[in-house]
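Heads up: the structure comes next, in structure tokens.
The values are calculated or read from the model by the stated rules, or taken from the named source; none is laboratory data. Being a predicted model, the structure only gives us computed values, none of them experimental. No Cβ is skipped: glycine too gets one built from the backbone with ideal geometry, and neighbour counts run over all protein chains shown. SASA here: full protein model, heavy atoms, side chains in, ligands and nucleic acids out. Shrake-Rupley method; radii C 1.70, N 1.55, O 1.52, S 1.80 Å.
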Amino acid sequence: RPLWHPTAAAPDTSADVVTIFMVTIVSRHCELVASASAQRPSLPALLLFLLLALQPSWHVAAQPTGVVTSNSTQSVLYGVPVKSSYLEPVNCTLEFDREVVGFNASAFVITPPDAQILNFEQLAPSIYTFQLAAKVNANISVHLPPNAVRDTSRVGNNVTTARFTVEYFAYPPAVSLRLYGFSGNRTNQAKNQAYLNFNSTTKLNGSTLFDGSMVSISPALAISNFEQVNDKMYRFNFEIKFTNASSANPDNVQCLSPSAKLPTKNSTMFRCSKCPHSQRCTLPTTYPTLALDHQEFPFALVVHGIPALGMNETKFEVFFDTLWAAVALEAPAYAQGPFFITVVWSEPMEDLTAIMPVFDPSGPAVDQDLLQYNLTVLSPTSFRMLISPVETGILIISINGSKQSIDLAGNANDFRANTLSRTGASKVVVYSGGPPLQGSVGFQYKSPAVPYSYQPILGPMIISPSLIVSWRGFITATQYDLWVTWGQNLTSPVLQNLTSGTYELGGFEAYLGLEYMVHLVARNFWGQELLLTKVFLYPRLDVVADGTQKALSLPKMMSQLQTPVAVIAFIVPKSFLFMNPLQVLSFRSIDRQAGDSEPCNFNTQQLRCTFLNFHIEAPATKFLVFREPIRLQFTFGLQGWQDMYFRPQLRYWEVFHEEWRVASESCPSDKKFERWNDLHRIYTVSVCHLTQFGMFEFYSPPVPTTTTAPAERPEFTGSPMFFVGFAGIVACILFCCTVIYLCKRRRSARKPAFEELGIRPTTERFPSRRQVVGKQRQKEDSRELLAALPGSPTSSWVNHGGDGLSPRDSEEGLEVMLAALEDAVPVDSPRPPGSVDVSGSHSD
């Protein structure tokens with residue numbers, strides 16, 4: 001051996017060639033003998049084969065062997081072989097026992113795979129230098145496998161050689177602190193034992209580089225019994241020191257923000273039960289005080305650096321902790337899909353997830369599977385959860401501490417044992433899986449009070465009417481738009497981006513009988529909208545109908561031309577035979593949504609509905625008998641009614657027959673009244689029935705003002721002899737009547753008249769007051785006339801007051817003279833200028 005085969009190296013010496021030749025001959029001889037005799041080989045052949053196998057030295061040359069040594073790192077020279085190194089490559093020297101050819105760093109097998117051979121150099125044909133390093137902490141091992149190196153005679157190594165191992169640390173050691181009996185660096189005991197754990201050895205090439213002098217506590221606390229447990233662990237004891245200074249009295253505690261500046265140089269800021277968890281207690285002391293039952297006083301434990309290990313100084317916060325932990329909850333205010341919540345405790349907890357958030361049952365359900373498999377611990381004090389509500393709604397998330405929430409010092413939030421230890425947090429998340437959920441809208445109308453209203457007047461006096469719109473229940477909505485429409489095309493301004501749940505529309509004068517469409521758009525945080533429209537009607541008006549106020553001015557209504565219509569109800573005393581004890585009538589708008597009849601469903605070519613629709617009712621009265629009708633007056637004005645071919649007509653809804661009847665016909669014939677003043681556009685009507693009323697436009701064309709042309713006489717088709725005969729008969733009758741009249745007149749005797757018999761007419765015997773006054777004035781004028789005539793005997797009576805004559809004689813004489821004067825002056829004769837007509841009588 002070795003037997004040559006195609007994959008083996010070619011023979012380099014004559015001894016190898018001779019050996020191969022002899023083995024080949026023996027092997028061939030054994031094959032021939034075995035094939036010929038079908039038996040085992042001959043004894044001489046086997047002896048020859050064993051001889052060659054037992055004597056390899058005379059045909060195989062010596063192999064090269066290498067040794068790797070190291071006594072330094074890149075910057076440190078050790079007097080002993082290097083077994084470990086921190087952060088620095090290890091300097092290695094490879095020396096062979098003979099000269100080698102064609103050797104380089106690729107011949108090495110190195111583990112782990114991320115270890116490296118650096119700075120490979122040849123110092124001599126048999127001496128090489130290089131460095132070993134790694135990217136992670138690991139045991140680096142290198143060696144040369146068989147046939148990896150050859151000497152100058154082309155002889156290779158047939159065994160592994162140049163083995164070397166070193167412990168390499170790519171990172172400096174890290175240290176952790178733990179207090180005996182506790183899960184961390186918090187204690188509620190005065191005497192404590194601490195353990196320092198390094199993640200890698202503190203020995204370097206046989207020397208321990210860490211001791212008790214490299215540990216200190218601030219404020220100063222004595223360290224005792226420092227000892228090494230192993231090359232990675234140390235332990236020691238320390239005791240908390242307390243102060244009894246008067247300045248550390250709990251009454252002197254100041255609650256400050258964590259970022260506030262300390263009042264004095266010796267003051268310490270720490271948590272305590274005197275202040276909220278978001279603030280810090282401040283006292284002029286450097287040590288905790290036993291006067292505070294619950295506090296979290298900080299200390300600083302310093303582990304000094306080890307330069308040889310590349311380790312820097314490390315500081316730990318050690319707390320004397322008798323205060324319970326507080327919890328906080330972080331969550332978005334709005335969400336449109338699955339979202340994260342974060343639970344944060346004020347200090348590390350023994351079991352961070354012992355207390356889990358809960359969800360209010362009034363909100364949407366949460367996907368529990370997603371909640372269970374999506375919990376991530378972020379730090380010793382916080383963890384995060386993925387929340388996925390299954391529907392739109394307001395999600396209320398809360399978490400509350402209990403006896404299961406225990407901090408590292410053993411303080412629990414058991415509020416039953418200590419009420420001050422109660423802690424909790426909650427968040428409200430508006431989750432929008434779509435538009436906001438539909439809520440409700442309400443109205444409140446404020447109008448100036450009227451004296452005849454039955455409703456009591458409460459609160460301050462209202463001068464201007466207004467409409468208050470309130471809404472609630474629009475889950476996830478954050479902003480609202482509001483506007484009102486009414487009539488055919490009337491609308492109020494659009495109020496945008498409202499955030500409260502109520503708004504007052506000032507100066508809003510509502511009309512009785514009119515439907516107002518209030519539109520509300522609810523918008524969520526993501527811009528998704530929901531539109532809700534609700535009808536607002538003028539609220540019911542209860543009026544005192546005992547007749548004290550005969551004319552009741554009702555709320556205005558709106559005409560079909562969208563102008564205000566003044567309405568007055570005239571109610572006389574004792575208009576009703578029987579009424580409710582309150583003697584109250586109610587006026588309200590019709591409510592189509594509540595089942596009131598729709599007047600516009602009965603429109604025809606001669607009858608059209610309007611906006612004037614209302615109800616008149618008597619509360620708490622089932623039957624009402626009228627004594628006198630209620631008269632309603634609607635003042636449209638010239639702008640409110642302009643159609644000359646239609647006039648208003650009030651009708652009432654007959655429930656039993658389901659038809660609209662003329663309202664005036666509800667009264668008896670002697671009480672019926674309906675009138676349309678076309679000049680002033682005022683419609684007045686009497687009603688004697690309480691029900692739903694509707695004003696209609698009734699076709700009533702105006703009466704024509706021109707005379708209608710006479711109809712043409714039809715053409716006569718009969719015989720003219722009829723008219724000739726008829727005319728002759730009429731002439732004969734007239735002739736006969738004339739003859740008979742003349743004959744009777746001659747035969748009849750003439751009858752004397754009353755004047756001839758001496759009988760005066762009744763008007764002369766019993767004159768009227770006008771005649772008496774006229775005669776008196778005539779007599780006075782006559783006296784004045786006679787007195788003006790010279791030489792008249794009457795003038796002397798008139799001028800002298802009638803001395804010597806009695807009034808009766810004077811009057812008789814006056815009449816005689818008037819008669820003589822009339823005879824002297826003819827009626828038809830012309831009068832002289834300036835004369836006076838005394839024959840006529842004076843009128844009133």
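I'd like the full set of residues that are under 28 Å from Ala409 (Cβ atoms) and among the β-branched types (Val, Ile, Thr), limited to the stretch 185-206.
Matches in the stretch 185-206: Thr187 only.
Would you check which residues across the stretch 135-158 are closer than 25 Å to Leu87 by Cβ, open to solvent by 40 Å² or more (accessible area, probe 1.4 Å) and not charged (D, E, K, R) and list them?
Hits for the stretch 135-158 are Val136, Asn137, Asn139, His143.
Sort out which residues of the stretch 379-418 are more than 30 Å from Asn524 (Cβ to Cβ) and surrounded by fewer than 16 Cβ atoms within 10 Å (Cβ to Cβ), and write them in order of number.
Across the stretch 379-418, the qualifying residues are Ser379, Pro380, Lys403, Gln404, Arg416, Ala417, Asn418.
Restrict the check to the stretch 70-86 and report whether at least one residue is under 14 Å from Leu144 (Cα atoms) and either at pLDDT below 90 or open to solvent by 30 Å² or more (accessible area, probe 1.4 Å) (or both).
Residues of the stretch 70-86 under 14 Å from Leu144 (Cα atoms): none.
No; the residues of the stretch 70-86 include none that is under 14 Å from Leu144 (Cα atoms) and either at pLDDT below 90 or open to solvent by 30 Å² or more (accessible area, probe 1.4 Å) (or both).
Could you tell me how many of the residues in the stretch 498-527 are open to solvent by 10 Å² or more (accessible area, probe 1.4 Å), within 21 Å of Pro448 (Cβ to Cβ) and outside any strand (DSSP E or B)?
Of the residues in that region, 4 qualify.
Can you tell me which condition Ile468 does not meet? The list is (1) open to solvent by 50 Å² or more (accessible area, probe 1.4 Å); (2) in contact (Cβ under 8 Å) with a residue 24 or more places away in the chain; (3) in contact with an Asp or Glu (Cβ under 7 Å, 6 or more places away or on another chain); (4) not in a loop (DSSP other than H, G, I, E, B), and all the others hold.
Only one criterion in (1) open to solvent by 50 Å² or more (accessible area, probe 1.4 Å); (2) in contact (Cβ under 8 Å) with a residue 24 or more places away in the chain; (3) in contact with an Asp or Glu (Cβ under 7 Å, 6 or more places away or on another chain); (4) not in a loop (DSSP other than H, G, I, E, B) is unmet by Ile468, namely (1).
Restricting attention to the stretch 593-613, report how many residues are surrounded by fewer than 18 Cβ atoms within 10 Å (Cβ to Cβ), in contact (Cβ under 8 Å) with a residue 12 or more places away in the chain and either aromatic (Phe, Trp, Tyr) or not in a strand (DSSP E or B) (or both).
Residues flagged as surrounded by fewer than 18 Cβ atoms within 10 Å (Cβ to Cβ), in contact (Cβ under 8 Å) with a residue 12 or more places away in the chain and either aromatic (Phe, Trp, Tyr) or not in a strand (DSSP E or B) (or both) within the stretch 593-613 amount to 5.
One line per residue, one yes/no per condition, for (1) part of a helix (DSSP H, G or I); (2) of a type in the set (Lys, Arg); (3) closer than 22 Å to Pro564 by Cβ:
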residue	(1), (2), (3)
His615	no, no, yes
Phe634	no, no, yes
Arg647	no, yes, yes
Pro668	no, no, no
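Filter the stretch 348-369 down to residues that are without any contact (Cβ under 8 Å) to a residue 60 or more places away in the chain and over 28 Å from the mean Cα position of the chain (by Cα) and give me whichever is surrounded by the fewest Cβ atoms within 10 Å (Cβ to Cβ).
Restricting to residues being without any contact (Cβ under 8 Å) to a residue 60 or more places away in the chain and over 28 Å from the mean Cα position of the chain (by Cα), the top hit is Asp369.
Starting from the stretch 263-290, keep only residues that are touching a residue at least 40 places away in the same chain (Cβ under 8 Å), then list their pairs with residues that are among the acidic types (Asp, Glu) and open to solvent by 60 Å² or more (accessible area, probe 1.4 Å) whose Cβ atoms are within a distance under 7 Å, requiring at least 6 positions of separation or different chains.
Ser273/Asp293
Considering each of Arg540, Arg523 in turn, give the residue that is in contact (Cβ under 8 Å) with a residue 40 or more places away in the chain and over 30 Å from Glu628 (Cβ atoms).
Working: Arg540 fails: over 30 Å from Glu628 (Cβ atoms).
Answer to the check: Arg523.
With respect to Leu204, is the statement that it is at pLDDT below 90 and open to solvent by 10 Å² or more (accessible area, probe 1.4 Å) true?
Judged against the criteria, Leu204 is a match.
Given the conditions (1) in a loop (DSSP other than H, G, I, E, B); (2) surrounded by fewer than 20 Cβ atoms within 10 Å (Cβ to Cβ); (3) not charged (D, E, K, R), and given that Gln560 satisfies all but one, which numbered condition is not satisfied?
Going through the list (1) in a loop (DSSP other than H, G, I, E, B); (2) surrounded by fewer than 20 Cβ atoms within 10 Å (Cβ to Cβ); (3) not charged (D, E, K, R), Gln560 breaks only (2).
Only one of (1) farther than 16 Å from Gln692 by Cβ; (2) free of Cβ contacts under 8 Å to residues at least 60 places away in the same chain; (3) not hydrophobic (A, V, I, L, M, F, W, C) fails for Arg661. Which number is that?
Single failed check for Arg661: (1).
From the set of residues in the stretch 528-547 that are in a loop (DSSP other than H, G, I, E, B) and touching a Phe, Trp or Tyr at 6+ places or on another chain (Cβ under 8 Å), which is most open to solvent (accessible area, probe 1.4 Å)?
Initial filter on the stretch 528-547 (in a loop (DSSP other than H, G, I, E, B)): 528, 537-540, 545-547.
With touching a Phe, Trp or Tyr at 6+ places or on another chain (Cβ under 8 Å) added as a condition, the list becomes 537-540, 545.
On the way: Leu537: 39, Tyr538: 30, Pro539: 53, Arg540: 125, Ala545: 6 Å².
By that ranking, first place goes to Arg540.
Residue check: is Leu490 buried (at least 16 other Cβ atoms within 10 Å of the Cβ) and more than 13 Å from the chain's Cα centre (by Cα)?
no
For the stretch 661-684, which positions are open to solvent by 20 Å² or more (accessible area, probe 1.4 Å) and either under 25 Å from Lys574 (Cβ atoms) or in contact with a helix residue (DSSP H, G or I) (Cβ under 6 Å, 6 or more places away or on another chain) (or both)?
Glu665, Ser666, Pro668, Ser669, Asp670, Lys671, Lys672, Phe673, Glu674, Arg675
In the stretch 624-653, which residue that is among the aromatic types (Phe, Trp, Tyr) and out of contact with any Cys (no Cβ under 9 Å at 6 or more places or on another chain) is most open to solvent (accessible area, probe 1.4 Å)?
In this case the residue turns out to be Tyr645.
Counting just the residues of the stretch 160-179 that are within 17 Å of Val303 (Cβ to Cβ) and either assigned to a loop (DSSP other than H, G, I, E, B) or aromatic (Phe, Trp, Tyr) (or both), which one comes out most open to solvent (accessible area, probe 1.4 Å)?
So the residue we want is Tyr171.
Which residues, counting only those in the stretch 183-198, are open to solvent by 50 Å² or more (accessible area, probe 1.4 Å) and either under 14 Å from Thr314 (Cα atoms) or of a type in the set (Lys, Arg) (or both)?
Listed by number, the list holds a single entry, Lys191.
Would you confirm whether or not the stretch 441-460 contains a residue that is farther than 30 Å from Ala510 by Cα and not in a loop (DSSP other than H, G, I, E, B)?
Checked against the condition, which is being farther than 30 Å from Ala510 by Cα and not in a loop (DSSP other than H, G, I, E, B), the stretch 441-460 yields no hits at all.
What's the number of the only condition in (1) in contact (Cβ under 8 Å) with a residue 24 or more places away in the chain; (2) part of a strand (DSSP E or B) that Phe120 fails to meet?
Every condition holds for Phe120 apart from (1).
I'd like the full set of residues that are of a type in the set (Phe, Trp, Tyr), over 17 Å from Ala133 (Cβ atoms) and either assigned to a loop (DSSP other than H, G, I, E, B) or open to solvent by 80 Å² or more (accessible area, probe 1.4 Å) (or both), limited to the stretch 92-110.
Keep residues of the stretch 92-110 that are of a type in the set (Phe, Trp, Tyr), which gives 96, 103, 108.
Narrowing further to those that are over 17 Å from Ala133 (Cβ atoms): 96, 103.
Result: Phe103, single match.
Name the residue, out of Pro113, Pro89, that is at pLDDT 90 or above and open to solvent by 10 Å² or more (accessible area, probe 1.4 Å).
Result of the check over Pro113, Pro89: Pro89.
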